[in-house]
Amino acid sequence: MSDPQPEPDVAELGVPVVEVEGLEVNFKGRVGFFSGLLGRKGSDAKAVDGVSITLHEGEVLALAGESGCGKTTTARAIMGLLIPDAGTIRYRGEPLARSRRGLRGYRRQVQMVFQDPTAALNPRQTIYEIVAEGLRIHGVPGGPDAKTEEQLVARALSRAGLRPPERFYLLYPHELSGGQRQRVVIAGALVVDPTVIVADEPVSNLDASVRGEILALLMKLREGSRISILIVTHDLGLAWTVADRVAVMYLGRVVEVGPAEEVLQRPKHPYTKALLNVVPEAGGTERPILQGEPPDPTRIPKGCRFHPRCPVVASGRAERLGILNRCIGEDLALEEIAPGHDVACYLTGLGEEP
Amino acid sequence: MSVLSVRDLVVEYQTTGGGVPAVRGVDLEVDRGEVLGLAGESGCGKSTIAGAILRLLPAKTKITGRIELDGNDILELTPGKLRAVRWTAGSIVFQGAMHAMNPVQRIGEQIMEPILVHGQSGEREARIRAGTLLEQVGLPTRRLDDYPHELSGGQKQRIMIAMALACSPSLIVADEPTTALDVMVQAQVLQLLRTLQHDLGLALLFITHDLSVLVEVADRLAIMYAGKIVEQGGAEAVFHTPAHPYTKALAAAFPAIGDMRFRGRPSGLGGDPPDPQQIPSGCPFHPRCAEVTPACPSVTPELWTAGPARLAACVHASGAPALEGVSR
């Protein structure tokens, strides 16, 4: 890239909408019946282990990582779909209420789009019923320019790109293509006029050719209505096309977060670099691929939790730089290395590149 | 010398609602030691081709044309002969490795089964062969005694590859072999396939909707739309300088990180793939095409020359006959 990079401007970020601080979610370990009788205990899985992220107004934040890194669990906690073991989630400064009523009010503002539209839609409901469900739970808003339920459903469908909306009212999900189904899911979220959309792998179950259309739709919502979008994905190429900021998670922690241009073009954490290496690119150039299985959250390694797979440790470079003992023995937190760009790696303290 | 040669293949599924033409005249050629990538949206007919090559389609399906695999005329084989050809001449790796294995049989026995069925060796040698195969796909021999549930998704997909290699076939058909896997594991499996293909000189037909994966592994690419091949050529050339507007749209779905043209501008293809029972007239892609001309709804394009070793079924191709209202 020859053209000069605009300086990432932190002040550009809007006001915080959703703030997550020190989030921890554990899943109880399970053992078989007989092992239980013998007094054995399953080990708990620390799915999320101290995550702090902020979603600003009108921003697209990508939460990226492998399966089992805790990205979906973080998204579900933000939705109030599970109760965290520690940490706070605030919406516009207010802590998330745990009461039924409190959550209902919150979910009017924060809506979720799931990965598999076929599983998310009730096969025995018509598209109209599916989209209207949110309004029936939250009530049709009153006021001077009040609209009827039908008007709101029609508006949500056409905002989601299903036009003319009347044509879809009486159809069932099986009569639509995968892309159209995902649009119905998005219409169901839009109908209550949310300010935040949490999208968990919104395009990974779709054909490559229709992915772009769905992403373009999400981008339009952000521009038109200043909706903030948290997009959970394993695909950094997708993050490059849509995200303003990227947070990379590994084993329940955010290991790098910052402006998308910085994180994706000049990664500072060896794990981010490894993830970038597996984005398929033309040429079949031999790039080192991280070996081994996705890590197990029931057995979190000491020190930097990435060290057993870290190429900097494996190549002996960490030892030469004199940080090996800390890599394998001392836990570390995110540290700011540039405005708005935080990394959790001992290399950055030495000014070294991964 | 080609391992697989498909000529004018037409496949029509028989349903209660009438015949569904899934493949409408396809020619393919895969040479020894070559990887041919076959790409397209769901429903374009790419998996049907995989099924037709090993005759795995429902019994009533109408198949015409000619499929020659390792010198065998597949469509004319008797059931007994067909069994002998499956696994030894050509084998297949399916998408859902998790569902393709018998959950109550040990891994070793499952890998040994085709070797024993084909009478290639006795029980003892078959077990040794199974152990070697496991090592080839990067797993320790002791895994032979594991059950499928003891393995991760990536390991199961490795086992599927080991099974496909069991009888040393000339051709492996890989139908979306990495789609259900996690990013890092997907990269590992691709690397393994590439190494094995190279070391064993295999012919590989690699089917996926993910064009970016194909560029990494394939020598040549064939792009399918509505049951026909619409573009064909060297993998890099097809991906980087697509000649067919459909290929352009598919390639744009995989942005290169760092490429400012994609930043903040996701692009995709509007509309839906055509219903195989109501394929649009002329060029079937014209209702969704960004470069449609007045001629497109009436001219049925053939695979015209579109550069050196390149074919494209588009009126914009350099070798297309001159048509009214079409500029190049």
Amide H to amide H, which residues 5 or more places from A:Met112 or on other chains are under 5 Å from it, using H placed in the peptide plane?
A:Val198
Taking chain A as the reference, fit the longest principal axis to its C-alpha atoms, fit the long axis of helix A:208-225 to the helix C-alpha atoms, and give the angle between the two in degrees, 0 to 90, nearest 10.
80 degrees
Computed Rg/Rh of the range A:195-313, alpha carbon atoms with Kirkwood Rh:
0.99
Can you tally the net charge around B:Met1? Count Lys and Arg as +1, Asp and Glu as -1, for every other residue whose Cβ sits under 15 Å from the Cβ of B:Met1.
-4
So if I take the centroid of the Cα atoms in the range B:47-119 and the same for the range A:12-81, what is the distance between those two points in Å?
43 Å
Please report, largest first and rounded to whole Å, the three semi-axes of the ellipsoid equivalent to the range A:14-243, where each semi-axis is the square root of five times an eigenvalue of the C-alpha gyration tensor.
31, 21, 19
So how do A:Met219, A:Met79, B:Met163, B:Met224 line up by other beta-carbon neighbours within 10 Å, fewest first?
A:Met219, A:Met79, B:Met224, B:Met163
Which net charge results for the neighbourhood of B:Gly201, defined as the other residues with beta-carbon distances under 15 angstrom from its beta-carbon, given Lys and Arg at +1 and Asp and Glu at -1?
-3
Explain nothing, just the number: dipole magnitude of the protein assembly as shown about its Cα centre with +1 on each Lys and Arg Cβ and -1 on each Asp and Glu Cβ, in debye rounded to the nearest 20.
1540 debye
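Just to verify a number: FRET efficiency for A:Asn325 and A:Arg40, C-beta to C-beta distance, R0 = 35 Å, to 0.05?
Values: r = 34 Å, r/R0 = 0.97.
That gives a FRET efficiency of 0.55.
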Going by Cα centres, the range A:287-354 and the range B:133-179 are how many Å apart?
32 Å
Would you compute, for the Cα atoms of the range B:141-191, the largest minus smallest coordinate along each principal axis and list the three values in descending order, in whole Å?
30, 27, 15
Nearest 10, in degrees from 0 to 90: the angle of helix B:123-136 to the longest Cα principal axis of chain B is 50 degrees
Cα-Cα over 22 Å: which of A:Lys71/A:Lys268; A:Lys46/A:Lys71; B:Lys60/B:Lys81; A:Lys273/B:Lys248; A:Lys28/A:Lys71; A:Lys28/A:Lys273?
A:Lys273/B:Lys248; A:Lys28/A:Lys273
If you take every DSSP beta bridge whose two residues both sit in the protein assembly as shown, what share of them, in percent to the nearest 5, is antiparallel?
60 percent
Give me the compactness ratio for the range A:60-114, meaning the Cα radius of gyration over 2.2 N^0.38 Å.
1.18
Simple label model, 7 Å out from Cα along Cβ direction - A:Ser315 to A:Glu150, nm:
6.6 nm
What is the sum of charges around B:Asp31, taking Lys and Arg as +1, Asp and Glu as -1, for the other residues whose C-beta is under 11 Å from the C-beta of B:Asp31?
-1
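Please report Rg over Rh for the range A:1-143, where both radii come from the alpha carbon positions and Rh follows the Kirkwood definition.
Here Rg/Rh amounts to 1.07.
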Largest first, please: the extent of the C-alpha atoms of the range B:247-328 along each principal axis, to the nearest Å.
39, 34, 23
Mean-square fluctuation maximum in Gaussian network of chain B, Cα pairs under 10 Å, restricted to B:Ala59, B:Ala203, B:Ala290, hits B:Ala59
Helix A:127-138 sits at what angle to the longest principal axis of chain A, using alpha carbons and giving 0 to 90 degrees rounded to 10?
80 degrees
May I have the convex hull volume per residue, in Å³, for the Cα set of chain B?
152 Å³
Would you mind ranking A:Ser177, A:Ser209 so that the residue whose beta carbon has the fewest other beta carbons within 10 Å leads the list?
A:Ser177, A:Ser209
Distance in nm between label sites at A:Glu129 and B:Thr300, each 7 Å beyond Cα in the beta-carbon direction?
4.3 nm
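Hey, what did chain B get for relative contact order, percent, Cα under 8 Å, at least 6 apart? Write out the running numbers ahead of the final one.
On the way: 629 pairs, mean separation 62.7, N = 328.
It comes to 19 percent, rounded to a whole number.
Per 0.36 nm of contour for each residue apart, how much would the distance between A:Arg266 and A:Arg226 grow if the chain were fully extended, relative to their Cα-Cα spacing?
On the way: separation 40, 0.36 × 40 = 14.40 nm, distance 2.83 nm.
Working it through step by step, the gained length comes to 11.6 nm.
Counting only helical runs of four or more DSSP H residues, what would the 222 nm mean residue ellipticity of chain B come to if each run contributes -39,500 (n - 2.57) and the total is spread over all its residues?
For chain B, the value works out to -8500 deg cm²/dmol.
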Under 20 Å from a point 7 Å along the Cα-to-Cβ line of A:Arg90: which residues of the range A:186-216 have their amide N that close?
A:195-197
Working from the pairwise distances between different alpha carbons, so that the mean of 1/r is found and then inverted, what is the protein assembly as shown's Kirkwood radius in Å?
27.4 Å
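FYI, it's all coordinate maths here, none of it is from the lab. Just so we're clear, the structure is a prediction, and the values are computed from it rather than from any experiment. Here Cβ is always computed from backbone atoms with ideal geometry, including for glycine, and neighbour counts include all displayed protein chains.
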